[in-house]
Amino acid sequence: VFPTRFPTLNRLLSGGGFAPGQLTMIGARTSRGKSALLLRLATDFAKRGAKVLFVSAEMTAVELVDRMISMESGLEIFKITGRNVSEHMERVTATAAQVGRLTVDLSIGGRLTMERLLSDVDASSPEVLVVDYVQRFSPPQGGEVNRAAFFSDVANGLKGLALTRGVSVITASQLGRAVEFRDDKVPTLADLKESGGLEEAPDQVMFIHVPNDPAGGNRRIGEFILAKQRNGPLGKVPVAFNGDTTDFQEVAEGEPDPF
């Protein structure tokens, strides 16, 4: 079992963390931290000694490593990638060395298909597979595609991969626009984009709910919502998101901003 840095989430998850053979789906609207949370989980698992394969068809290896350095150092991403990086070079270099020792393999670019994932997993033999994210999977070329049926097949394929290869698979999904038109804007299972199989196949479904706060700038207070768990309770985890370092931390009621 692979515990997270979020104590409340670990208490909710059956077994105290994400387990081999399970598929976990993380849902969020665009720019609400899907990729950030996937990368945070991958980094933390690797820091605990797990072998992780991170697959992305969206970001380059340089972008991912820069984000990892930002998360681990606490330096804003623009300080790492900007012209004044020399001012923080010692801290960046030390953190980059730590990140370089992590047992995280990156598979970047290209078409995201189930065949590619199987090949990557067989080559890397990870304990945890992180896939960023299901809507990046490429439908078969030629002819019309039923998107709901296609993404149901993707979700079922990811669950089958978790079982047959004995890995914990964690991925993310966009949410449909309907959630933005509700007063509370709290996501539900039906909000998963191309819903259906994306609801049914995962062992766990968790949503990132961090509303925009004009007064908070790039720092937002919100929650993770564990909306589905096949063998355990449901619940919420209070969190803060720092957009400058693309990082999440759990917060307790009344605690100051952890960033």
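Quick notes on this structure:
- Exactly one residue out of 25, 89 is more than 18 Å from residue 168 (Cα to Cα) and among the hydrophobic types (A, V, I, L, M, F, W, C), and it is 89.
- Verdict on residue 113 being free of Cβ contacts under 8 Å to residues at least 40 places away in the same chain and open to solvent by 70 Å² or more (accessible area, probe 1.4 Å): no
- In region 140-169, the residues that are part of a helix (DSSP H, G or I) and either among the charged types (D, E, K, R) or open to solvent by 70 Å² or more (accessible area, probe 1.4 Å) (or both): 147, 153, 156, 159, 163, 164, 165
- Sole residue being more than 30 Å from residue 150 (Cβ to Cβ), open to solvent by less than 20 Å² (accessible area, probe 1.4 Å) and either at pLDDT 90 or above or touching an Asp or Glu at 6+ places or on another chain (Cβ under 7 Å) (or both), chosen from 201, 240: 240
- Restricting region 111-139 to residues that are assigned to a loop (DSSP other than H, G, I, E, B) and more than 28 Å from residue 49 (Cα to Cα) leaves a set whose member that is modelled with the lowest pLDDT is 139.
- Considering each residue of region 74-94 in turn, none proves to be among the hydroxyl-bearing types (Ser, Thr, Tyr) and open to solvent by less than 60 Å² (accessible area, probe 1.4 Å).
- Taking the conditions (1) crowded, with 21+ Cβ neighbours inside 10 Å; (2) at pLDDT below 95; (3) of a type in the set (A, V, I, L, M, F, W, C); (4) over 25 Å from residue 188 (Cβ atoms) in turn, residue 28 satisfies each one other than (4).
The values are calculated or read from the model by the stated rules, or taken from the named source; none is laboratory data. Remember, it's a predicted structure, so these values are computed and weren't measured experimentally. Backbone-built Cβ (ideal geometry, glycine too); neighbour counts: all protein chains shown. Just so you know, the surface numbers come from the protein's heavy atoms only, side chains and all, with ligands and any DNA or RNA stripped out. Shrake-Rupley method; radii C 1.70, N 1.55, O 1.52, S 1.80 Å.
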